């Protein structure tokens, strides 16, 4: 499994429980050092995905909160496609422009439209927002076949305002999010060659 934009290795650690070999890549040397300490059995590379050359293929390429940061998401999808072993898949999660919290932001006049990048978005390096259709479109343009498109976690408010909520309430938002994917905080796609 290849974890693109692995950050400090939190997801990489979880994936290492399910895959015999896990590789993480991130542009931040500091985050890669934390990831190496967290998951010593995994292989990590501190380099931008667009610049790194792999000689191997992977059963799964995972891109969590990655595509909204890159200059050319379709080029990144094409690169991920080229790294897939036969029968492999790419899984990507991105912030959903049409999430409940962004729709509320429009209704409250905080943002003009759900695709607008706020100062906070720009500060963390976001270059775009996705909805499920745009995410699927980028994968098709990257010569991938989406086999599942959906949403995860019904997000009514910004993260900071939900920190004090009980684990039961947060779990309920995951469950209800399964019933209302177009309103979820994250959009995702699973795709194959």
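Any read-out appearing in this document is the output of simple, stated calculations on the displayed coordinates, not a laboratory observation. Since we're looking at a predicted model, the values are computed, not measured. No Cβ is skipped: glycine too gets one built from the backbone with ideal geometry, and neighbour counts run over all protein chains shown.
Observations on the structure shown:
- Hey, residue 189 surrounded by fewer than 18 Cβ atoms within 10 Å (Cβ to Cβ), assigned to a strand (DSSP E or B) and touching a residue at least 60 places away in the same chain (Cβ under 8 Å) or not: no
- Each residue in segment 147-178 was checked for being surrounded by 13 or more Cβ atoms within 10 Å (Cβ to Cβ) and part of a strand (DSSP E or B), and 6 of them qualify.
- First in segment 164-179 and touching a residue at least 40 places away in the same chain (Cβ under 8 Å), second anywhere and surrounded by 10 or more Cβ atoms within 10 Å (Cβ to Cβ), Cβ under 6 Å, 6 or more apart: none
- Screening segment 1-94 for helices (runs of 4 or more DSSP H) wholly inside it with 3 or more residues that are under 21 Å from residue 121 (Cβ atoms) and either in contact with a helix residue (DSSP H, G or I) (Cβ under 8 Å, 6 or more places away or on another chain) or in contact (Cβ under 8 Å) with a residue 40 or more places away in the chain (or both) returns the ranges 73-82.
- Residue list for segment 128-146, restricted to those being within 18 Å of residue 88 (Cα to Cα) and in a strand (DSSP E or B): 145, 146
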